[in-house]
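A.B. asks: Encoded as structure tokens, here's the structure I'll be asking about.
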Ligand SMILES: Nc1ncnc2c1ncn2[C@@H]1O[C@H](COP(=O)(O)OP(=O)(O)OP(=O)(O)O)[C@@H](O)[C@H]1O
Ligand SMILES: [Mg+2]
């Protein structure tokens with residue numbers, strides 16, 4: 001019980017350092033953009049495929065269930081609401097941890113192991129500024145972007161199932177959705193959540209890399225910890241945010 | 001009345017009464033050492049004696065438990081983070097494994113400190129970088145990534161990077177390990193030349209007893225947490241001290257333990273069946 | 001390894017893609033019907049609104065033409081006053097339109113159903129619908145049925 005608490009404390013101290021050393025003049029725009037490419041653009045394939053299939057299977061299941069109550073019309077609403085409010089942000093954040101978070105952790109952990117972080121320090125270049133901050137900001141931007149794309153693909157998956165498998169009218173599918181999904185309460189709240197998740201995922205990935213033991217086991221362990229810690233804390237934060245927003 | 005000789009010999013780096021414990025082991029014990037300015041000083045000693053640790057004390061990465069590390073009169077271990085940063089800008093360090101940035105080309109590796117700390121135009125930076133790479137014989141490899149080079153070449157690029165800012169103090173951690181005789185000779189002369197041309201102070205950690213003669217103005221041997229000899233390399237050979245003789249002649253047994261401290265042989269082997 | 005130019009361009013494309021998807025979702029998947037074309041407000045008083053809630057659908061002939069904006073209780077008459085936003089596409093509702101609170105299916109959501117009359121005068125923003133039918137409350141129906149059954153015996 002003591003150890004996770006201690007680890008949490010260290011992660012918070014680390015974040016405090018990273019943020020307190022942030023200066024507007026030293027923000028690395030080019031490097032941040034590069035990190036958005038590595039963390040975001042390179043996660044597109046997994047996000048697009050997972051999003052499409054989640055939409056497909058979710059529609060299948062809701063159609064099957066709702067037809068029993070004579071409410072099949074509501075399938076598109078159920079799909080959109082569960083995506084925008086919960087599934088999109090949560091699943092994307094967990095996929096992101098597996099795809100991009102692990103590589104951020106491994107990269108920084110190896111930089112620690114091969115003394116690249118020491119070398120930066122010795123050149124009077126702040127590794128927080130050069131390595132940590134661009135990745136934090138990139139996560140903050142990339143995850144919401146991925147969530148939007150995930151939701152989009154899942155809706156397409158839903159439409160695909162409703163129209164081509166069930167033979168429904170696409171207009172009524174969209175129409176029912178439009179009538180009951182609210183921009184602020186559902187869509188934007190989901191987006192707000194995903195910004196929080198993005199920050200969390202990037203923070204944990206960078207932290208575990210930073211604090212990895214400078215050995216191959218150390219890096220391997222840190223990578224695993226990133227996935228576990230992100231998954232757990234995303235779900236906890238999701239509950240907290242949902243409770244506040246509803 | 002100070003003459004020129006005693007002026008060059010005034011200490012740049014002074015360890016006074018430095019003790020350090022790492023992982024429960026005493027690495028340095030009440031160590032005193034004065035390294036003169038403008039010269040090449042070799043630091044030798046058996047593996048694990050604390051040579052890298054000594055360099056890390058000079059760079060401020062480690063702080064001694066007791067005692068002070070003075071560089072040009074300022075105590076490195078008492079500097080604020082900000083002051084430490086500006087101190088490090090005048091420092092060139094070659095780490096034991098080179099530590100090049102693997103996502104940057106050789107050119108960008110060497111250019112990094114220049115881009116970060118100066119406002120020089122890119123054309124000038126290009127000239128400086130190519131010049132530095134040329135001196136280590138790797139101008140042609142400027143566009144390559146570190147993983148496309150051998151270990152020895154990596155270290156030479158790292159040397160060029162360490163010299164990029166023309167520092168006043170250069171620290172080399174085993175610059176010759178893994179170099180072929182030709183590159184070794186080149187690196188050796190390079191260290192000496194740069195030292196003389198720029199009037200910098202150089203500290204070279206090395207195991208190589210013979211190279212030290214061509215390289216260093218004086219050599220320092222540390223073992224068991226102390227400085228056991230500090231003299232020009234030519235005179236070390238004649239040092240009567242048994243520790244020094246053991247090291248210079250490469251004898252396995254003597255005052256310096258070849259074995260890492262542990263239980264006695266009997267305890268480990270004869271009672272092996274108890275485990 | 002890609003050149004840094006290509007990387008930055010790809011990152012830019014990725015972000016542009018996300019923004020396009022954002023705009024698409026914000027416009028296509030959320031409630032814009034009533035809001036987008038403008039709307040006007042009418043109200044109706046009911047003695048009992050049952051389970052009607054704000055955001056419930058207002059429909060005419062089965063087509064959704066607006067939503068319930070808010071519900072207030074008149075402190076004098078103790079009637080529930082329902083305010084509805086009707087899309088401007090349906091601006092010509094006759095003045096003698098009647099409003100009923102209906103239930104979709106037997107256990108479904110309650111909504112306001114409008115029944116147009118024949119008057120040439122149309123409802124304006126802020127007008128009140130005078131002809132109303134309150135919600136049928138299941139318990140009341142059952143009680144009524146049981147009581148009338150008792151009386152017959
Ligand atoms: N972070 C640490 N924690 C615990 N012990 C350490 C740590 N760093 C170094 N040591 C110990 O300090 C001793 C000196 O290490 P150092 O790296 O200075 O040796 P060295 O003289 O440079 O050896 P080599 O020539 O093999 O590089 C070693 O015995 C090592 O076990
Ligand atoms: Mg060493």
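Bear in mind these aren't lab numbers, they're just calculated from the coordinates by the rules spelled out. These numbers come from a predicted model, not from an experiment. Don't worry about glycine lacking a Cβ; one is built from the backbone with ideal geometry, like all the others, and counts go over all protein chains shown.
A.B. asks: Just to be sure I understand the model, the point goes 7 Å from the Cα along the line to the Cβ. What's the resulting residue B:78 to residue C:20 distance in nm?
C.D. replies: Inter-label distance under the simple model: 6.4 nm.
A.B. asks: Sticking with this one: Sorting check: for A:78-84, B:81-87, B:109-115, which peptide has the highest mean count of neighbouring beta carbons within 10 Å, and how do the rest follow? Please report the intermediate quantities before stating the final value.
C.D. replies: Values: A:78-84: 25.1, B:81-87: 13.3, B:109-115: 22.6.
Ranked from most to least packed, the peptides come out as A:78-84, B:109-115, B:81-87.
A.B. asks: Whole number please: convex hull volume per residue of the Cα set in chain B, in Å³?
C.D. replies: Per residue, the Cα convex hull of chain B comes to 177 Å³.
A.B. asks: Something else: Take peptide A:75-81, look around each residue's Cβ out to 10 angstrom, count Cβ atoms belonging to other protein chains, and average those counts.
C.D. replies: That average works out to 1.
A.B. asks: What whole number of Å gives the distance from the Cα centroid of segment A:216-246 to the Cα centroid of segment A:135-159?
C.D. replies: First find each Cα centre; the distance between them is then 18 Å.
A.B. asks: Here's another thing I want to ask about it. Taking N as the number of residues in the protein assembly as shown, what value does Rg over Cα atoms divided by 2.2 N^0.38 Å take?
C.D. replies: In units of the 2.2 N^0.38 Å rule of thumb, it is 1.44.
A.B. asks: Please average, across the residues of C:6-13, the number of beta carbons from any other chain that are within 10 Å of each residue's own beta carbon, and give a whole number. Please list the in-between numbers first.
C.D. replies: Values: counts 1, 9, 6, 2, 8, 14, 4, 2.
For this peptide, the per-residue mean of nearby foreign Cβ atoms is 6.
A.B. asks: Just to verify a number: FRET efficiency for residue C:47 and residue A:214, C-beta to C-beta distance, R0 = 51 Å, to 0.05?
C.D. replies: The value I calculate is 0.10.
A.B. asks: Express in whole angstrom the spacing between the alpha-carbon centres of segment B:217-242 and segment A:103-123.
C.D. replies: With segment B:217-242 and segment A:103-123 each reduced to a Cα centre, they are spaced 35 Å.
A.B. asks: If you don't mind, another one. When all C-alpha to C-alpha distances in chain A are sorted into bins of 5 Å, what percent of pairs does each bin hold, rounded to whole numbers?
C.D. replies: That works out to 1, 7, 13, 16, 17, 14, 11, 8, 6, 5, 3, 1, 0, 0, in percent per bin.
A.B. asks: Specify the residue with the greatest mean-square fluctuation among A:192, A:139, A:158, computed from a Gaussian network of chain A linking alpha-carbon atoms under 10 Å apart.
C.D. replies: Of A:192, A:139, A:158, the most mobile in the Gaussian network model is A:192.
A.B. asks: What is the log10 of I(q)/I(0) for segment C:39-142, computed with the Debye formula using one identical point scatterer on each Cα and no solvent, at q = 0.25 Å⁻¹?
C.D. replies: -1.50
A.B. asks: If you take each beta carbon of peptide C:15-21 and count the beta carbons of other chains within 10 angstrom, what is the mean?
C.D. replies: That works out to 6 on average.
A.B. asks: Can you bin every Cα-Cα distance in segment B:144-205 into 5 Å intervals starting at zero and give me the percent of pairs per bin, rounded to whole numbers?
C.D. replies: The percentages, shortest bin first, are 4, 17, 30, 25, 15, 7, 1.
A.B. asks: Could you give me the radius of gyration and the Dmax of segment A:34-154, taking only the C-alpha atoms into account and expressing both in angstrom?
C.D. replies: Here Rg and the maximum Cα pair distance are 19.5, 70 Å.
A.B. asks: Mind checking the log10 I(q)/I(0) for segment A:64-124 at q = 0.16, 0.27, 0.28 Å⁻¹? Debye, one equal scatterer per Cα, no solvent, two decimals.
C.D. replies: With no solvent term, the Cα-only Debye profile gives -0.69, -1.00, -1.02.
A.B. asks: Quick check: pseudo-label points 7 Å beyond the Cα along Cα→Cβ at residue B:249 and residue C:5, how many nm apart are they?
C.D. replies: Using points 7 Å along Cα→Cβ, the separation is 6.6 nm.
A.B. asks: Would you look at the GNM of chain B, springs on alpha carbons closer than 10 Å, and say which of B:48, B:24, B:262 moves the most?
C.D. replies: Greatest mean-square fluctuation among the candidates belongs to B:262.
A.B. asks: Suppose we keep just the DSSP beta bridges with both residues in the protein assembly as shown; what percent of those would be antiparallel, to 5? Mind showing how you got there, number by number?
C.D. replies: Values: 46 of 71 bridges.
Here the share of antiparallel DSSP bridges comes out near 65 percent.
A.B. asks: Would you calculate the separation in nanometres between label points at residue C:115 and residue C:131, each defined as 7 Å from the Cα along the Cα-to-beta-carbon direction?
C.D. replies: So the label points at residue C:115 and residue C:131 sit 0.7 nm apart.
A.B. asks: How much FRET efficiency would the formula 1/(1 + (r/R0)^6) give for residue B:166 and residue A:48, where r is the Cβ-Cβ distance and R0 is 45 Å, rounded to 0.05?
C.D. replies: In this case the efficiency is close to 0.30.
A.B. asks: If you line up the long axis of helix A:189-210 against the longest principal axis of chain A, both from Cα atoms, how many degrees apart are they, to the nearest 10?
C.D. replies: Approximately 30 degrees, to the nearest 10.
A.B. asks: Let me ask something else. Mind checking the angle between helix C:138-152 and chain C's longest principal axis? C-alpha axes, 0 to 90 degrees, to the nearest 10.
C.D. replies: It is inclined by approximately 20 degrees.
A.B. asks: With springs connecting C-alpha atoms under 10 Å apart, model chain C as a Gaussian network and identify which of C:141, C:93, C:114 has the largest mean-square fluctuation.
C.D. replies: C:141
A.B. asks: In addition: Show me, bin by bin at 10 Å from 0, the whole-percent P(r) of segment B:30-189 based on Cα pairs.
C.D. replies: 10, 36, 34, 17, 2
A.B. asks: Separate question: Between 0 and 90 degrees, rounded to the nearest ten: what's the tilt of helix C:4-28 against the longest Cα principal axis of chain C?
C.D. replies: Orientation of helix C:4-28: about 10 degrees from the principal axis.
A.B. asks: Right, next: If the label point is 7 Å along Cα→Cβ of residue C:81, which residues in segment C:125-145 have backbone nitrogen under 17 Å from it?
C.D. replies: Within reach of a label on residue C:81: C:125-132.
A.B. asks: Next question. Taking the DSSP beta bridges in chain C as the whole, what percent of them are antiparallel, to the nearest 5?
C.D. replies: Details: 26 of 34 bridges.
Of the beta bridges lying entirely in chain C, close to 75 percent run antiparallel.
A.B. asks: Can you tell me the relative contact order of segment C:1-143? Whole percent, Cα pairs under 8 Å, sequence separation 6 or more.
C.D. replies: Result for segment C:1-143 is 26 percent.
A.B. asks: What FRET efficiency would be calculated for the residue pair residue A:163, residue B:85, taking the C-beta separation as r and a Förster radius of 45 Å, to the nearest 0.05?
C.D. replies: Here the calculated transfer efficiency is 0.15.
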